[in-house]
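To start, the structure under review is shown below, and the notes come after it.
The values are calculated or read from the model by the stated rules, or taken from the named source; none is laboratory data. Since we're looking at a predicted model, the values are computed, not measured. Note: ideal-geometry Cβ built from the backbone for every residue, glycine included; neighbour counts use all protein chains shown.
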Amino acid sequence: MYDYVIVGAGIIGLSTAYHIKKQRPDSSILIIDKAPGPGAGDTSKSAAAFRVFFTNRVNFALAHSSVEFYKHIQEQEGFDLSMRYVGYLFMPDKELMENMKIGLKEADKRGLPYKILDPKELEEKLGIRTIVEGLEEAEIMDAENIEAGILIENAGILMPDRLVQYYYEKLKSMNVEFAFETRVTGFKLMPRNPLGIEGEPFPWQDTRVDAVIVNGDRELQARKKIIVAAGAWTPFLLEPIGVDSFSRPKKRQIFVIKADTLEKKKTLYAKGLNNEGISPMLILPNGAYLRPAPEEDAFWTGYSDELGRPFMLEEDPVPEERFYLYGIHPMISLYLPQFEGSNPVSMWAGHYDMSFDGMPVVFEAYESDLIVSAGTSGSGILKGDGIGAVTAALALGKDEAELFTGETLKVKWLGLTERLLEKEYMII
Ligand SMILES: Cc1cc2nc3c(=O)[nH]c(=O)nc-3n(C[C@H](O)[C@H](O)[C@H](O)COP(=O)(O)OP(=O)(O)OC[C@H]3O[C@@H](n4cnc5c(N)ncnc54)[C@H](O)[C@@H]3O)c2cc1C
């Protein structure tokens, strides 16, 4: 019997436990995961790029506080997360530019720095072809010229396994317990006022979640709350007990391209854009991105594919080389001709846990027995600490969560009934 039982030892389960423990050091917590260790789900599949830049104000606040906290871990606590402030360089088409203006307004309000780069600078510093009009490939792909680049400076890359290690070590020192290689197979439902009749609970009875069922038969009870933070698996865990998590998995893939020519190296080790002497995360107009991976002398490439691909879960997602060849390669080599003919040396796939509006979904079900924290929508690492703070606040019965930046967020803004409805356009 624990006070809190958390399903999922990804970034969200870990940070939630951390925030509960910080506020209630005496509470007992068990974190369950089917994997052999922490962070082995989508947290380990992440590109682990971070940015304080969104169009939804809640996402913006979550990102701001989480990134500040990670910076504190790295700089004040001396725990190396390999954070490198390389920046995010957006090269928006006209439609994205309109949406970016919303985020830029919020950045101005918060005093966060960004720079506008002209096409000449993009060409000289990064080898980007900004004029594509007239090229046959551009016409086929309906690709536009790049008018400008917007460099978001409070942004960069980190190592997700280091972040997981930080929380894991902290939680162990706070006496949080872990049950790995333990699969949650269901939830036991009981009437609040049992009558002792076989077949309970009946539809007319007020029902509660009594326990988490693990490995098919063992029951684990929580004195206070059961918290489901199972990432892309969340809907499949909750649907059998009639709870809609309003989130669904979508496959996302990463392909590693070596900087194996002088031209590609010039792009990877671009000078004069940040203090690191490394290319920023490059977001091309058509949705393809290149994330610098200097420790591998490579770029990780991906694509924010929305339409045309199914919402579905693959237990062990397999990357599709065809997706790179016909999806990503033509788009990156249009704007960065030095990548023409580049083949991936390795690749992997995972899932985004997509909510309907791109903002996390944090709510209670079965009155308040069960708490759901899902819908990280492709930015759960960079918003992870903030989402954990909000989930912990709900678990502790608070209306507001205090974030690391000192900002407060109303928990109900992330919920279902009084949600702050603002579409997030910056899902990458
Ligand atoms: C290709 C890719 C690139 C990404 N890039 C970025 C990025 O640049 N920046 C960023 O911020 N985010 C990025 N993300 C998103 C980020 O990785 C996720 O938002 C985040 O890791 C979600 O964390 P989580 O804790 O919700 O889920 P997870 O890390 O998946 O954790 C859920 C855990 O639940 C466990 N679990 C599931 N079902 C059960 C069960 N039945 N019983 C027991 N345990 C169970 C799983 O084993 C898993 O460990 C990326 C994701 C992908 C796939």
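So here's what we get for this one:
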quantity	calculated
Among (1) among the small types (Gly, Ala, Ser); (2) within 30 Å of ASP3 (Cβ to Cβ); (3) more than 13 Å from the ligand (Cβ to nearest atom), the one test that SER342 misses	(2)
Filter pass, SER245 being within 16 Å of the ligand (Cβ to nearest atom), hydroxyl-bearing (Ser, Thr, Tyr) and either more than 30 Å from TYR324 (Cα to Cα) or surrounded by fewer than 21 Cβ atoms within 10 Å (Cβ to Cβ) (or both)	yes
Any hit, the stretch 138-145, residues being among the polar types (S, T, N, Q) and surrounded by 18 or more Cβ atoms within 10 Å (Cβ to Cβ)	no
Test result for GLY127, within 24 Å of the chain's Cα centre (by Cα), in the same structural domain as GLU295 (by TED's automatic domain parsing) and among the small types (Gly, Ala, Ser)	no
Check on VAL67, in contact with a strand residue (DSSP E or B) (Cβ under 8 Å, 6 or more places away or on another chain), within 13 Å of the ligand (Cβ to nearest atom) and farther than 21 Å from GLY302 by Cα	yes
Pair list, Cβ under 7 Å, 6 or more apart: the stretch 399-421 residue closer than 17 Å to THR16 by Cα, other residue in a loop (DSSP other than H, G, I, E, B) and of a type in the set (Asp, Glu)	LYS410/ASP399; VAL411/ASP399; LYS412/GLU418
Filter pass, LEU189 being at pLDDT 95 or above, more than 25 Å from GLY41 (Cα to Cα) and exposed (fewer than 13 other Cβ atoms within 10 Å of the Cβ)	no
Cβ-Cβ under 7 Å pairs, at least 6 apart or on other chains, the stretch 247-274 side closer than 18 Å to TYR85 by Cβ, far side among the basic types (Lys, Arg)	ALA270/LYS125; LYS271/LYS125; GLY272/LYS125; LEU273/LYS125
Members of the stretch 156-174 that are out of contact with any helix residue (DSSP H, G or I) (no Cβ under 8 Å at 6 or more places or on another chain) and either more than 10 Å from the ligand (Cβ to nearest atom) or of a type outside the set (A, V, I, L, M) (or both)	GLY156, MET159, ARG162, GLN165, GLU169, LYS172, SER173
Residue within the stretch 34-43 that is basic (Lys, Arg) and out of contact with any Ser or Thr (no Cβ under 9 Å at 6 or more places or on another chain) present	no
Identity of the residue in the stretch 375-428, polar (S, T, N, Q) and under 27 Å from ASP161 (Cβ atoms), that ends up surrounded by the fewest Cβ atoms within 10 Å (Cβ to Cβ)	THR405
Residue within the stretch 326-348 that is over 26 Å from the mean Cα position of the chain (by Cα), of a type in the set (A, V, I, L, M) and in a helix (DSSP H, G or I) present	yes
Members of the stretch 1-51 that are at pLDDT below 95 and near the ligand (Cβ under 9 Å from one of its atoms)	ALA48
In the stretch 105-129, the residues that are buried (at least 18 other Cβ atoms within 10 Å of the Cβ) and more than 28 Å from TYR269 (Cβ to Cβ)	GLU106
Residue check for GLU364: within 25 Å of ALA61 (Cα to Cα), over 17 Å from the mean Cα position of the chain (by Cα) and modelled with pLDDT of 95 or more	yes
Single residue of the stretch 367-398 satisfying the filter (among the charged types (D, E, K, R) and at pLDDT 95 or above) that is farthest from the ligand (Cβ to nearest atom)	LYS398
All positions within the stretch 292-307 that are surrounded by 13 or more Cβ atoms within 10 Å (Cβ to Cβ), under 22 Å from MET141 (Cα atoms) and of a type in the set (D, E, K, R)	ASP305
The stretch 208-235 residues that are without any contact (Cβ under 8 Å) to a residue 40 or more places away in the chain, paired with ones that are more than 10 Å from the ligand (Cβ to nearest atom) and in a loop (DSSP other than H, G, I, E, B) (beta carbon under 6 Å, 6 or more apart)	ALA211/GLN221
Residue match in the stretch 308-323 (condition: farther than 20 Å from THR376 by Cα and buried (at least 21 other Cβ atoms within 10 Å of the Cβ))	no
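Let's see how each residue does on (1) outside any strand (DSSP E or B); (2) on the phi > 0 side of the Ramachandran plot; (3) among the basic types (Lys, Arg); (4) modelled with pLDDT under 95:
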site: GLU219; (1), (2), (3), (4): no, no, no, no
site: LEU238; (1), (2), (3), (4): yes, no, no, no
site: THR267; (1), (2), (3), (4): yes, no, no, no
site: ILE278; (1), (2), (3), (4): yes, no, no, no
site: ASN286; (1), (2), (3), (4): yes, no, no, yes
site: PRO292; (1), (2), (3), (4): no, no, no, no
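Okay, residues lined up against (1) in a loop (DSSP other than H, G, I, E, B); (2) within 16 Å of the ligand (Cβ to nearest atom); (3) touching a helix residue (DSSP H, G or I) at 6+ places or on another chain (Cβ under 7 Å):
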{"site": "PRO319", "(1), (2), (3)": "yes, yes, no"}
{"site": "PHE363", "(1), (2), (3)": "no, yes, no"}
{"site": "LEU421", "(1), (2), (3)": "yes, no, no"}
{"site": "ILE427", "(1), (2), (3)": "yes, yes, no"}
